[in-house]
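This report refers to the structure that appears directly beneath it.
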Amino acid sequence: MFNRLKQVIAALTAKITQEDRNFVSFYLSSPAEGLFWNMNVPDQRHALNVAYTALDLAKSHPKIDAILLVKCALLHDVGKIKNDVSTFDKIITVIGHRLAPSWAKKWGRLGRGNKLSNLRHAFYVYFHHAERSAAMLRDIGECPQIIEIVRIHHKTPAENDPLELVILRKSDNMH
């Protein structure tokens, strides 16, 4: 629970530096960068933190494709689109998932409107952002390996998962 509290504080105080902007620009193509900058600042900050941590974790794995890893880290949440879900609704979805995960997943519905619809939409995005991200990456012609890693980053780990996915998950769980 303490980790979730840290995440809320991080979301409310998130900032992007010029160094972060340069980092994103260095690793991402222009279309991918567009998707990255179309996330809310807290989601951008989260993706950057995941990327920086993933790079650090990758140092002990000399055969890892660090460029692939960083791209996946920066793009893993692009399905969380700016102004699509409020910070308050995101907090409610995390609590709902923690208290009643089966119900929360079933209750989510795509589509915004009134307050209730917006909250249901937030639950939908929470549980389906990986697939949304993958579809958006497919639409811009991103590398199939990136699309697949992003698509399955919240799926149950498998024995044959690529190392980049394993490290992405570990880093994502740290933030």
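The values are calculated or read from the model by the stated rules, or taken from the named source; none is laboratory data. Source: prediction; values computed, not measured. For neighbour counting, all protein chains shown are included, and Cβ atoms are generated from backbone atoms with ideal geometry for every residue, glycine included. Remember, those area values only see protein heavy atoms, side chains included, never the ligands or the DNA or RNA. Shrake-Rupley method; radii C 1.70, N 1.55, O 1.52, S 1.80 Å.
Restricting to region 70-88, name every residue that is more than 13 Å from the chain's Cα centre (by Cα) and more than 17 Å from ALA10 (Cβ to Cβ).
ASN83, ASP84
Within region 69-88, track down each residue that is small (Gly, Ala, Ser), assigned to a loop (DSSP other than H, G, I, E, B) and closer than 17 Å to ILE147 by Cα.
Residue satisfying the conditions is GLY79 alone.
For region 1-68, list the helices (runs of 4 or more DSSP H) that sit wholly inside it and hold at least 1 residues that are touching a helix residue (DSSP H, G or I) at 6+ places or on another chain (Cβ under 8 Å), free of Cβ contacts under 8 Å to residues at least 24 places away in the same chain and not charged (D, E, K, R); which are they?
Of the helices (runs of 4 or more DSSP H) lying wholly inside region 1-68, those with at least 1 residues that are touching a helix residue (DSSP H, G or I) at 6+ places or on another chain (Cβ under 8 Å), free of Cβ contacts under 8 Å to residues at least 24 places away in the same chain and not charged (D, E, K, R) span 18-27, 30-37, 41-58.
Mind listing whichever residues of region 153-174 are surrounded by fewer than 19 Cβ atoms within 10 Å (Cβ to Cβ) and within 15 Å of the chain's Cα centre (by Cα)?
The answer is HIS154, LYS155, VAL166, LYS170, ASN173, MET174.
Find all pairs meeting these conditions: Cβ atoms under 6 angstrom apart; at least six residues apart or on different chains; first residue within region 79-105 and closer than 18 Å to HIS154 by Cα; second residue basic (Lys, Arg) and open to solvent by less than 70 Å² (accessible area, probe 1.4 Å).
As it stands, the answer is GLY79/ARG132, since those pairs meet every condition given.
Among the residues of region 122-138, is there at least one that is surrounded by fewer than 16 Cβ atoms within 10 Å (Cβ to Cβ), within 17 Å of the chain's Cα centre (by Cα) and part of a loop (DSSP other than H, G, I, E, B)?
Taking every residue of region 122-138 in turn, none turns out to be surrounded by fewer than 16 Cβ atoms within 10 Å (Cβ to Cβ), within 17 Å of the chain's Cα centre (by Cα) and part of a loop (DSSP other than H, G, I, E, B).
Out of all the residues in region 71-109, which are among the charged types (D, E, K, R), modelled with pLDDT of 90 or more and buried (at least 16 other Cβ atoms within 10 Å of the Cβ)?
Those that are among the charged types (D, E, K, R), modelled with pLDDT of 90 or more and buried (at least 16 other Cβ atoms within 10 Å of the Cβ): LYS71, ASP77, LYS80, ASP84, ASP89.
Applying the selection to region 15-70, what residues are aliphatic (A, V, I, L, M) and open to solvent by 70 Å² or more (accessible area, probe 1.4 Å)?
ILE67 - this is the single residue of region 15-70 that is aliphatic (A, V, I, L, M) and open to solvent by 70 Å² or more (accessible area, probe 1.4 Å).
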